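I have placed the structure first, in the form of structure tokens, so that the comments after it can refer back to it.
What follows is calculated from the coordinates using simple rules that are stated; it is not laboratory data. Because the structure is a prediction, the values reported are computed rather than measured. Glycine also receives a Cβ, built like all others from the backbone with ideal geometry; neighbour counts cover every protein chain displayed.
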Amino acid sequence: MKYIYGNFKMNSTVSDVKAYLMTLVTNTRDEKNEVAIALPYTHLTTAKEYLEGSVVKLGSQNVAEEEKGAFTGEISADMLKDVGVDFTLIGHSERRNIYNESDKSVNKKIKMALAKGLEVVLCIGESLQTKEAGKVESFLKKQLEEDLKGLYENELKSIIIAYEPIWAIGTGKSATTKEIEKTIAIVRDIVAHIYSEKAGKEIVVLYGGSVNPDNFKSILNTKGVNGALIGGACLDANKFSSMIKSL
Ligand code: PEP
């Protein structure tokens, strides 16, 4: 089974998303692969209604570190559960880079999300500068060690790792399948080192970064890749559905 996750980022309105979801639900009716979509907070309640009875999982793109209280502008894990959200993205590079989200914060968010019964898609990945300096492995090791600090091996069943090299996100320049295979093997080795060989093998790892209808199949067929996290190319319901159907 493959995992196809979409990330809307800050796009569309609630009015727009209704037609989108109707198309997606129709086109994924008998889908055996896992299909999921991370939407803006404002869309979640409506999306839940439109996804009722479908195979499509519903996610948010972020979650608060704290449980509740004086955190103006934040949305808690309880609030997300209350409207029927299944999972949340955590640590997307846009959150880390634009909003200075630290590994410490990512770690707190993961713990909060899991405690409240949300599944987690943990986004990791290196910058171009790190890649060019030849420090991808040490960077990912530090990132994963800090993000997963204090989490138990049995909690990994509710965590998906999305490897998204920052230089490939939204740039139209995806990593090559050779690069993806090599780096995802590194990710699995790091998880094996932190937990166990079994954990390294079994953890679900997605690739993200300029996945499109042309490179989708070859990326999904790359060794070690369980699926894809798709930004720009998920915004058109027909395009997204035909990628899923092509599997
Ligand atoms: C993303 O937002 O996680 C992403 C991978 O975006 P894109 O597919 O547009 O590169």
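Among the residues of the range 122-132, is any under 13 Å from the mean Cα position of the chain (by Cα) and of a type in the set (Gly, Ala, Ser)?
yes
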Which residues, taken from the range 191-219, are closer than 30 Å to ALA19 by Cβ and out of contact with any strand residue (DSSP E or B) (no Cβ under 6 Å at 6 or more places or on another chain)?
GLY209, SER210, ASN212, PRO213, ASP214, ASN215, PHE216, LYS217
Is it true that THR88 is in a helix (DSSP H, G or I) and within 30 Å of MET22 (Cβ to Cβ)?
no
What tally of residues in the range 196-232 results from selecting those that are more than 16 Å from the ligand (Cβ to nearest atom), under 20 Å from VAL136 (Cα atoms) and in contact with an Asp or Glu (Cβ under 9 Å, 6 or more places away or on another chain)?
3
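Right, ILE184: more than 24 Å from THR26 (Cα to Cα), within 16 Å of the ligand (Cβ to nearest atom) and either assigned to a strand (DSSP E or B) or touching a Pro at 6+ places or on another chain (Cβ under 9 Å) (or both) or not?
Working: more than 24 Å from THR26 (Cα to Cα): yes; within 16 Å of the ligand (Cβ to nearest atom): yes; either assigned to a strand (DSSP E or B) or touching a Pro at 6+ places or on another chain (Cβ under 9 Å) (or both): no.
The answer is no for ILE184.
Table: residues versus (1) crowded, with 20+ Cβ neighbours inside 10 Å; (2) closer than 20 Å to SER241 by Cβ.
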position	(1), (2)
LEU39	yes, yes
THR42	no, no
GLU49	no, yes
GLU52	no, yes
VAL55	no, yes
GLY59	yes, yes
PHE71	no, no
ILE75	no, no
ASP82	no, no
Selected residue [over 23 Å from ILE169 (Cβ atoms) and not small (Gly, Ala, Ser)] from MET1, MET10
MET1
Can you tell me which condition ASP103 does not meet? The list is (1) among the acidic types (Asp, Glu); (2) in contact with a helix residue (DSSP H, G or I) (Cβ under 7 Å, 6 or more places away or on another chain); (3) under 20 Å from GLY6 (Cα atoms), and all the others hold.
(3)
